[in-house]
Amino acid sequence: MVFASNPLALSVPEPAFESWLRDSGYLEVLDHNTSATTTTSSSSSSSFFSLLTLNPLSKLAAEDFAGDTPSWSRAFVGFSGSYSFPSSSAQARLRVHENVKRYARNYAYLFILFFACALYQMPIALVGLISCLAIWDFFKYFNDRWQLDQYPITRQCLLRLAQCVTAVILIYSNVQVALFCALSVSYASMILHAAFRKLTPAKQLPPVGRGR
């Protein structure tokens, strides 16, 4: 028996349905659906190596840093069941893009922590960075004291001089090495955490109180 199509049935395109799930906060449905539709021929190693060609910051916006920082223990780290190996490259990309947007402030704080640890291991770089900050603080102080805005040529010359001195200090104190190390470690940590961290509901329901 052949059934006729129902004219009242709604046919929603898959991208529109995924966009509605994302806007409604049901990210775990997307994560589970992507994992369930994965074919058995796809290997986990290919999904992991596909992260090397992924740009995790492509969907990141300035508004993602404006909200509150998610909880480090319950939201960011989670529990043992909050992690799983991505079963496909599509699931890995979905997790990375969504988790980077959600935990953008956490990743930013991790970069600051890694950069501080790198500077702690390189005291010369730390001294150079502090010296550069002091130079620009002095420049701002004398700019306000002498009102250099009224003398644009003099202000421009002093500005170029401060930039040159800053560049020389940063190069000879190897601040760029500490910055590169912090960027490398924080980027690798962000990719691994975002890929293995399961998607969770964006909107948590409030706990229900017990009756007396």
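Remarks
- Segment PHE138-ILE112, length gained on full extension (0.36 nm per residue, minus Cα span): 6.9 nm
- Here TYR109, TYR172 are placed in order of increasing Cβ neighbour count within 10 Å, fewest first, which gives TYR172, TYR109.
- Highest mean first, the peptides 181-191, 134-144, 91-101 sorted by other C-beta atoms within 10 Å per residue fall in the order 91-101, 181-191, 134-144.
- With 10 Å bins from 0: P(r) over the stretch 131-204, alpha-carbon pairs, percent: 16, 27, 19, 16, 16, 6
- Stokes-Einstein D for the stretch 65-212, Kirkwood Rh over Cα pairs, 20 °C, 1.002 mPa s (µm²/s): 112 µm²/s
- With all pairs of different C-alpha atoms in the average, the Kirkwood value for the hydrodynamic radius of the stretch 123-173 is 11.5 Å.
Just so you know, all these numbers are worked out from the coordinates, no wet-lab data involved. Quick caveat, the model's predicted, so the values are computed rather than measured. Positions of Cβ are backbone-derived with ideal geometry, glycine not excepted, and every protein chain shown enters the neighbour counts.
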